[in-house]
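The values are calculated or read from the model by the stated rules, or taken from the named source; none is laboratory data. Note that the coordinates shown come from a computational prediction; the quantities given were computed from them, not determined experimentally. Don't worry about glycine lacking a Cβ; one is built from the backbone with ideal geometry, like all the others, and counts go over all protein chains shown.
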Amino acid sequence: MKLVLASKSPRRKEILSMVTSNFSVRVSGADESVDSVKDLYEIPKILAERKAEAVSLNDDEIIIGCDTVVIYENELLGKPNDKADAIRMLKLLSGTTHYVVSGLALKSKKKSYSTSVTTAVIMRELTDSEIVSYVEKYCPTDKAGAYGIQEMAGSFVEKIDGDFYNVVGLPLCELVLALRHEFGIELN
């Protein structure tokens, strides 16, 4: 079986390439609006399923859909609209615990599987100058919650409880286990 990553995220592609080279990328272009969903923790799973469904599927393929959000005090922090929004998000997260939630959906012609993975992230207190400097240097408008733990913002994080790669954007452990247990595929 061939894997197809339904994402344009370079981070997801990089993470997947850590465990296999047998995959291709097909961007889904799925609608990401979720106005009627009440449970914020369900949104990434719904979007991952939608992304997996939106990609054409051949008989010998498994589509991997993924979506990641940051949740802080019942507020969903997706990708910031601009630098000012990124600064606002980082000020919210400074000195707090927030949750990174990724939805993961796998789909073949015969089977579908989806779940969500949550990682708690404790961020240290940040200075205004650290926040502005980070946003100016890294322009994190393509990252949920306005930071990339794999960049300089890793120094903002005191502790995580859960899958590190989930915070980067693809819950690697869950992906490998789901491929093994649900689809009988070993990545090695």
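Values computed for the structure shown
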item	result
Cβ pairs under 7 Å, 6+ apart, first in the stretch 131-155 and within 20 Å of T119 (Cβ to Cβ) and without any contact (Cβ under 8 Å) to a residue 40 or more places away in the chain, second in a loop (DSSP other than H, G, I, E, B) and of a type in the set (F, W, Y)	A153/Y147
First in the stretch 86-110 and closer than 19 Å to I15 by Cβ, second anywhere and part of a helix (DSSP H, G or I) and of a type in the set (K, R), Cβ under 9 Å, 6 or more apart	V101/K45; S102/K45; G103/K45; G103/K51; L104/K45; A105/K45; A105/R50; A105/K51
Criterion: out of contact with any Gly (no Cβ under 8 Å at 6 or more places or on another chain) and either modelled with pLDDT under 95 or crowded, with 16+ Cβ neighbours inside 10 Å (or both) - qualifying residue of V100, V121	V121
Matching residues in the stretch 52-82 - criterion: being acidic (D, E), within 20 Å of E42 (Cα to Cα) and surrounded by 16 or more Cβ atoms within 10 Å (Cβ to Cβ)	E53, D67
Odd one out for D163, checked against (1) within 30 Å of K110 (Cα to Cα); (2) of a type in the set (D, E, K, R); (3) over 16 Å from the mean Cα position of the chain (by Cα)	(3)
Test: residue in the stretch 171-188 that is among the polar types (S, T, N, Q), more than 24 Å from T96 (Cβ to Cβ), at pLDDT below 95 and surrounded by fewer than 17 Cβ atoms within 10 Å (Cβ to Cβ)	yes
Residues of the stretch 103-138 that turn out to be under 30 Å from L177 (Cβ atoms) and in a helix (DSSP H, G or I), as a count	0
